[in-house]
Structure formats: C-alpha cells, structure tokens
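Report on the structure given below.
The values are calculated or read from the model by the stated rules, or taken from the named source; none is laboratory data. The structure presented is a predicted model; accordingly, all values stated were derived computationally and were not measured. Note: ideal-geometry Cβ built from the backbone for every residue, glycine included; neighbour counts use all protein chains shown. Side chains are part of the model used for accessible areas, which takes the heavy atoms of the whole protein and leaves out ligands, DNA and RNA. Shrake-Rupley method; radii C 1.70, N 1.55, O 1.52, S 1.80 Å.
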Amino acid sequence: MNLARIDEYVGDSEFDRVFLTEVAKRVDALWGHVRDEAAARVAVGILYLDTLVFRDGFKVNHGWEANSFVGVDGAAAVMAAVWDWMGLDWLMMKKRFRPGPGEPQPPQSLHDELRGMAIRHPSVVLVDDQPARWPHWPAPERPPPVESKAAMRRRRRRLKVPGGIWRLFTQTDSGPVHFENQGALKELVVGNWLHVEQVEDGVWWMRVGDMRISVQAPRNGSPEVDVERGFYDVVQGETKCVPDE
C-alpha cells in the first residue's frame, strides 16, 4: 500500500488525508489481495457508490455525513494507494473507472465477487444496506438458572422418594428424546437382559443378564444391594468385589 497516492490527491486538506488514509487501510483488508486489473473500475465504483459500515462504527458513504466521498476522485485515490502494484496515480485510476468509448465493461461476476468479499469480511456489518453474513453475532449468554424456593422444595421431596430422581435419554431418527424426573420411575425394560422394576415401596428388583439384583432403597441412607449371579442364565463375565478402603 502506497499512501503517497492519497497525499497527491488531498493537497492541503488534513481532514481528507486522515479520512482517506483510514479508508485505504480498511479497503486493503477487503481487496488488497486481489491481483486483477479488470477489478480496478469495479472497486472504485463500489467504494464511491456503496455504503460500508464497519463493526467498530466507522462508516463510508453513510447518508450525507462528512465521511462520504465528494467525488470519484477520492475513491480512485484510495484504490491507487491500495493497488500500488498497478503503478497508477489517482488520476490514472480515475481513467480506469471512466474508460473511453468502445472499451469493454467489466463482467457483473467481478462486481459480485468484490462486493461479496466485503460482505463476508469479519470487519464489516453492512454493505449498501445488506447485512454481512459472516461471522454471525454470538448469541447473548444466558444467565445461570436460579432455583426458586418452590423448585428447591420439589427437588428435596424427590430426593426423599426412592425412584424420584431419574433420567432417560434415547436417540431417534428425528433427534434425541430426553425425559427427567417426571414422576417416580416404576419400570424400565431393555431387550431380554435388562429389567428394572419397583416391586414394593422402597424395594427394587433388577435383572441384568444372568444376575438378579434386589435393592432396598430407604428414604435416608445408603441402599442395601443383594446380587445373585447365574440366576437367569449361564454366567457371562467376571464378578469382582472391591473392598471398602
């Protein structure tokens, strides 16, 4: 980037120098990597005619504000500075924007390509009233849930009831299905090898493969568990008892 191209244009106007220098730095991020001479006319036109609004609030051609180009000359000076590899001053860049009769028009695809680069750049939020598509604004963070006193009382009641706290998750073709703490869990059957059922108040019976398991679940304290291997089928797998350390 050669900011001397801007100095050649602005002369004694310090306001124009500051403004166009800032524009050039931002446009360099948008189109500075483009190495296509046919894009010169398109780039000057977009910069001269379209509105650009950046995420930090900087604006170009936004209504009748002071940061609008007063003519194509300023836009040409910016592009001459950004595309210094073309070796054109701002007057020569302006001539590229206004070619003589009989010279071919740049393809519409080139205009769409440069405009799309601006729309997709993370520093831009608006291009000629068209909102940028990327990156999306992050969703606001939800505050941590605060448990109400009523919800706290319900949770404590469920904790006191055996089977009152439970969770079930399944995966279907249309997506996941999730149930949690909807009443007291009474029975769960999976195939012919897992069967859990409440047989009495605080008493649960389970079949896990060849095992029969009986659980006495008091309202307070630890449950009492009895396990019998080989009760329903031939024993498959190991049985280990980890001593209480």
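Overview of results
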| read-out | value |
| --- | --- |
| Given (1) in a loop (DSSP other than H, G, I, E, B); (2) surrounded by 10 or more Cβ atoms within 10 Å (Cβ to Cβ); (3) at pLDDT below 75, index of the condition Leu159 fails | (1) |
| Unique residue being open to solvent by less than 60 Å² (accessible area, probe 1.4 Å) and under 33 Å from the mean Cα position of the chain (by Cα) when the list is Met86, Met79 | Met79 |
| Filter result (free of Cβ contacts under 8 Å to residues at least 40 places away in the same chain and within 13 Å of Arg115 (Cα to Cα)) within region 16-47 | Leu47 |
| Region 189-222 - residue that is touching a residue at least 24 places away in the same chain (Cβ under 8 Å) and under 23 Å from Phe169 (Cβ atoms) and, of those, surrounded by the most Cβ atoms within 10 Å (Cβ to Cβ) | Trp204 |
| Spans of helices (runs of 4 or more DSSP H) in region 28-142 with at least 1 residues at pLDDT 85 or above, polar (S, T, N, Q) and out of contact with any Ser or Thr (no Cβ under 7 Å at 6 or more places or on another chain) | 108-120 |
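Every residue, every condition in (1) modelled with pLDDT of 90 or more; (2) of a type outside the set (A, V, I, L, M, F, W, C); (3) touching a Leu at 6+ places or on another chain (Cβ under 9 Å); (4) at negative phi, yes or no:
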site: Gly202; (1), (2), (3), (4): no, yes, no, no
site: Met211; (1), (2), (3), (4): yes, no, no, yes
site: Ala217; (1), (2), (3), (4): no, no, no, yes
site: Gly221; (1), (2), (3), (4): no, yes, no, no
site: Val225; (1), (2), (3), (4): yes, no, no, yes
site: Gly230; (1), (2), (3), (4): yes, yes, no, no
site: Val234; (1), (2), (3), (4): yes, no, no, yes
site: Cys241; (1), (2), (3), (4): no, no, no, yes
site: Asp244; (1), (2), (3), (4): no, yes, no, yes
